[in-house]
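See structure below.
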Amino acid sequence: MSNPLVHAFFVGRAVAEACGEQLEIALTNALSELGKFDAEQRERLRQFTEQVLERAQREEELSMQGRSTSAIVKRGSQPEDLQATIDELRAETAQLRAELQHYRSSSV
């Protein structure tokens, strides 16, 4: 028969090694999941950024198309046309200022 203290030592050592292995596995899995999550979030952020930039570019192009013919004042046109164009530009400026102020207040 073996000494109970020696037996307890080896049992304790085996428990410690098994716990260490399980902890290592759990930590490895957790870090792996964290890495996957980080990569997925970065990809989603990249896609979101692309979508926002594409949308902004489309809206800018549409805005410029609408202005290309109406904002040009030909020589010899009546002063009323010029005044109307100035009024339209002032209205657009006011609208852009309001949108910019709204953007700034929502991002704070």
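The values are calculated or read from the model by the stated rules, or taken from the named source; none is laboratory data. Because the structure is a prediction, the values reported are computed rather than measured. Virtual Cβ from ideal backbone geometry, glycine too; neighbours counted across all protein chains shown.
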Check whether at least one residue in the range 49-66 is over 27 Å from the mean Cα position of the chain (by Cα) and either modelled with pLDDT under 95 or under 30 Å from Arg90 (Cβ atoms) (or both), and report yes or no. yes
Pull up the range 89-99, narrow it to residues that are closer than 13 Å to Ser63 by Cβ and not hydrophobic (A, V, I, L, M, F, W, C), then point me to the one that is surrounded by the most Cβ atoms within 10 Å (Cβ to Cβ). Glu92
Taking Glu21 as meeting all but one of (1) assigned to a helix (DSSP H, G or I); (2) at pLDDT below 95, write down the number of the exception. (2)
